């Protein structure tokens, strides 16, 4: 493990996997449970080439490497400051030969990468359509949470171009957009194959949905048993502790 100099307001967080750490700046944006749950839901092989769209500080490629040891992983991120933190985290963990961090726009991903060149694509996209109340649309947190730089249509359209036939797409999103998600996937010949709803507590409504789709797959979807996050306030369910590696 290499040593690295942290910039102002940055901190180093332990990922509980392979001794990996990640650089984050809580003043800007820190990864959430949704990214971690996506890596727990996703599947990949050691021979896979993986692309993470909107990688932020690189949490998904780093955790996917720790879990699946993919042949190669790439994170695409439009915000230079986040991409810089991601690249430094990759170097800190000694993964520069396995993980590339590219600064670029999701909407132009097909110009940055060859068509049908990835076995797996992951994405933890901005969830919110409305931009009302955003005081600074260029703020990192606003870009991460609201569809300012890219839309769901952009993400799914680019995924369809970059996935190999039979390749797998894994995404975490919000249940209130489920109808739109399914429609966009179908329009782009990405067949939904697996879905899991995530509930904060057993008696609450779901607040996340995990989806797997296959490019050119046959129609048939498995709905997995619900994932409950908390047993009681501050206490994770065993399944969540497993995902986090506690």
| Which entry is the computed Cα extents along the principal axes in Å for this structure: [x] 64, 49, 24; [y] 52, 37, 27; [z] 49, 47, 42? | [z]
| remark: residue 46 and residue 112 label points (each 7 Å along its Cα→Cβ direction) are spaced in nm at 2.9
| said: What number does region 55-97 give for Rg over Rh if you use C-alpha atoms and the Kirkwood radius? | reply: 0.94
| note | Between residue 105 and residue 81, the FRET efficiency computed from the C-beta separation at R0 = 22 Å comes out, to the nearest 0.05, as 0.90
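Run the numbers for residue 18 and residue 69: contour at 0.36 nm per residue of separation, minus the present Cα-Cα distance, in nm.
Values: separation 51, 0.36 × 51 = 18.36 nm, distance 1.10 nm.
Length gained between residue 18 and residue 69: 17.3 nm.
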| query | Between residue 4 and residue 222, what is the label-to-label distance in nm when each label sits 7 Å out along the Cα-to-Cβ direction? | reply | 3.5
| Normalised by the residues of the chain, what does the relative contact order come to in percent, with Cα pairs under 8 Å and at least six apart? | 16
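Would you mind giving the three semi-axes, in whole Å and largest first, of the ellipsoid equivalent to region 6-92 according to its Cα gyration tensor? Write down the numbers at each step before the final one.
Values: eigenvalues 88, 35, 28 Å².
Semi-axis lengths for region 6-92 are 21, 13, 12 Å.
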| In nm, what is the difference between 0.36 nm times the number of residues separating residue 98 and residue 176 and their Cα-Cα distance? | 24.5 nm
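Rounded, prolate or oblate: pick one for region 67-121, where a ≥ b ≥ c are the square roots of the eigenvalues of its C-alpha gyration tensor, a/c under 1.5 means rounded, and failing that, prolate if a/b is larger than b/c, else oblate. Show your work: numbers first, answer last.
Numbers: a/c = 2.59, a/b = 1.14, b/c = 2.26.
In terms of gyration-tensor shape, oblate.
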| In deg cm²/dmol, rounded to 500, what helix-only [θ] at 222 nm does the chain give when every DSSP H run of at least 4 residues adds -39500 (n - 2.57) and the total is split over its residues? | -8000 deg cm²/dmol
| query | Working out 0.36 nm times the residue gap between residue 230 and residue 33, then minus their Cα-Cα distance, what length gain in nm do you get to one decimal? | reply | 69.7 nm
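None of the figures in this text is laboratory data; all of them are computed from the coordinates on show. Owing to the predicted nature of the structure, the values given are computational and were not obtained by experimental measurement. With ideal geometry, Cβ positions are generated from the backbone for all residues, glycine too; neighbour counts draw on all protein chains shown.
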